[in-house]
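*Asks:* Following this message is one structure expressed as structure tokens.
The values are calculated or read from the model by the stated rules, or taken from the named source; none is laboratory data. Here the structure is a predicted model, which means the values were calculated and not measured. All Cβ positions, glycine included, derive from the backbone under ideal geometry; neighbour counts span all protein chains shown.
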Amino acid sequence: MAEQHEVLTTEEAAALLRVSTKTVLSLANSGALAGEKVGRAWRFLRSDVLSFVRGTESQRGRTGEAE
């Protein structure tokens, strides 16, 4: 369960998705990939990244807001 809440950096999310960091940032800025901006950096939950790969929305939704 702790793995679901693991926080990933942009670089880690890109490695998990096997895409560039530029692609991850583009997906996050468009709202396609749920994430939160912390200062100037983005952070992603591993569960949200895996949900994106599966084509399902995470429990938090696309905006990254808790329900």
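*Asks:* Could you give me the residue pairs with C-beta distances under 6 Å whose first residue belongs to region 21-32 and is farther than 11 Å from Phe44 by Cβ, whose second residue is assigned to a helix (DSSP H, G or I) wherever it lies, and which are 6+ apart or on separate chains?
*Replies:* Sorted first by the residue in region 21-32, then by its partner, the pairs are Thr21/Thr10; Thr21/Glu11; Thr21/Ala14.
*Asks:* Filter region 33-44 down to the residues that are under 9 Å from the mean Cα position of the chain (by Cα) and free of Cβ contacts under 8 Å to residues at least 24 places away in the same chain and list them by number.
*Replies:* Our first condition is that a residue be under 9 Å from the mean Cα position of the chain (by Cα); within region 33-44, this holds for 33-36, 42-44.
The one that is under 9 Å from the mean Cα position of the chain (by Cα) and free of Cβ contacts under 8 Å to residues at least 24 places away in the same chain: Leu33.
*Asks:* Do the conditions hold for Ala13, that is, is it of a type in the set (A, V, I, L, M, F, W, C), under 12 Å from the mean Cα position of the chain (by Cα), part of a helix (DSSP H, G or I) and modelled with pLDDT of 95 or more? Please lay out each step first, then the result.
*Replies:* Numbers: of a type in the set (A, V, I, L, M, F, W, C): yes; under 12 Å from the mean Cα position of the chain (by Cα): yes; part of a helix (DSSP H, G or I): yes; modelled with pLDDT of 95 or more: yes.
Yes; evaluated as a whole, the condition is true for this residue.
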